[in-house]
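Following: one structure in structure tokens, then a few remarks.
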Amino acid sequence: MKNTGIDLGLGIDAIQKDKFSWRVNANFSYFQNEITDLVSPFASGFASWVEEGQELGSFRGYRVEGIFQTQEEINALNAAAVEKYGAGATYQVALTRAGDIKFKDLNGDGRITADDQEIIGSAQPDFFGGVTNEFKILDFDFSFFFQGQFGNEIYNNNRAFAEGMNSVFGQLATVRERWTPSNPSTTMPRAVFGDPNNNRRTSDRWLEDGSFVRLRNVTLGYTLPKSVTERIKMSGLRVYVAGQNLLTFTNYSGFDPEVSTFAEGSGAVANTAPGTDFLTFPVARTITFGINANF
Ligand SMILES: [Ca+2]
């Protein structure tokens, strides 16, 4: 495996006065990963794929082209498949109907098979970084830390269950917009018992942009003046309040863009299937009050 990239760190003392100071620390990382030597490719987790020449953290699956709106559309594709492959051949499956997902025929052979899968995304961000601002004003100190990553995808397997319309699990409200003859959705397929077209298969339907910016930490502290602490026989006393994960900016539809279901486990899947969200507990938002006392 090969990692190439750059890490940049920058510290700036923007203002340095007795009663007021402002310091900025920033870091930025960009790297590319490549698997350089592997005996044979293998699948991991739900949608992860490990293959020589690809990034570790790649996702592999089908691509959604749209939703079949009419039976005529399906009949035409099936007729073309029969012409090419003989009686009984179909574009997707025999039970494909209007309202089912049309998957992309990536290799252009006129039917959908396992060969119509490709790398559809990666859990590796294009770049990530953070910025900390620290202020000291008289006896107060204040800091906040933003962290972010960009360009990574998350395989949201929660939605495969909660929008898949083929399980005993409760479904998200989004399935109300599913395809019906009177609601020709172009994004949410029909509800059908048994999912014969396998609309729920591993595809870019469940892949989401995992980019986020998060206010990781905010701290406000107050250090009591020496004149006060000396009187109570202490060398220093600071009280503070700190908040973690107070704000998150992301388009990701799940609870938390910083997920990795399999990272909790051990063995090969923990290392080869990053960026999958399935019943993952989100990071907590916490508020801490504290006292630093020096005697
Ligand atoms: Ca094909």
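The values are calculated or read from the model by the stated rules, or taken from the named source; none is laboratory data. Source: prediction; values computed, not measured. Cβ: placed from backbone, ideal geometry, glycine included. Neighbour counts: every protein chain shown.
List of remarks:
- Residue within segment 246-255 that is in a loop (DSSP other than H, G, I, E, B), within 17 Å of the chain's Cα centre (by Cα) and modelled with pLDDT under 95 present: yes
- Residues in segment 62-79 that are more than 35 Å from the chain's Cα centre (by Cα) and over 27 Å from Ile119 (Cα atoms): Gln71, Glu72, Asn75, Ala76, Ala79.
To keep it simple, each residue is scored yes or no on (1) buried (at least 18 other Cβ atoms within 10 Å of the Cβ); (2) touching a Pro at 6+ places or on another chain (Cβ under 9 Å); (3) modelled with pLDDT of 95 or more.
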{"site": "Glu52", "(1), (2), (3)": "no, yes, yes"}
{"site": "Asn75", "(1), (2), (3)": "no, no, yes"}
{"site": "Gly86", "(1), (2), (3)": "no, no, yes"}
{"site": "Thr90", "(1), (2), (3)": "no, no, yes"}
{"site": "Asp115", "(1), (2), (3)": "no, no, yes"}
{"site": "Gly121", "(1), (2), (3)": "yes, no, yes"}
{"site": "Phe135", "(1), (2), (3)": "no, no, yes"}
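- Every listed requirement among (1) in contact (Cβ under 8 Å) with a residue 12 or more places away in the chain; (2) surrounded by fewer than 18 Cβ atoms within 10 Å (Cβ to Cβ); (3) more than 21 Å from Val93 (Cβ to Cβ) is met by Arg214 save one, (2).
- Top-ranked residue in segment 96-144 [being of a type in the set (A, V, I, L, M) and farther than 19 Å from Arg205 by Cβ; ranked as farthest from the ligand (Cβ to nearest atom)]: Leu138
- The residue that is nearest to Arg205 (Cα to Cα), counting only those in segment 81-95 that are within 12 Å of the ligand (Cβ to nearest atom) and in contact (Cβ under 8 Å) with a residue 24 or more places away in the chain, is Gln92.
- Of the residues making up segment 95-107, those that are part of a loop (DSSP other than H, G, I, E, B) and within 17 Å of Glu118 (Cα to Cα) are Lys104, Asp105, Leu106, Asn107.
- Scanning segment 154-181 for residues that are out of contact with any Ser or Thr (no Cβ under 6 Å at 6 or more places or on another chain), within 18 Å of Leu279 (Cα to Cα) and in a strand (DSSP E or B) yields Ile154, Asn156.
- Out of Phe68, Phe31, sole residue that is assigned by TED's automatic domain parsing to the domain that holds Gly210, surrounded by 11 or more Cβ atoms within 10 Å (Cβ to Cβ) and of a type in the set (Phe, Trp, Tyr): Phe31
- Flag not set for Phe169, criterion: farther than 26 Å from Tyr252 by Cα and aromatic (Phe, Trp, Tyr).
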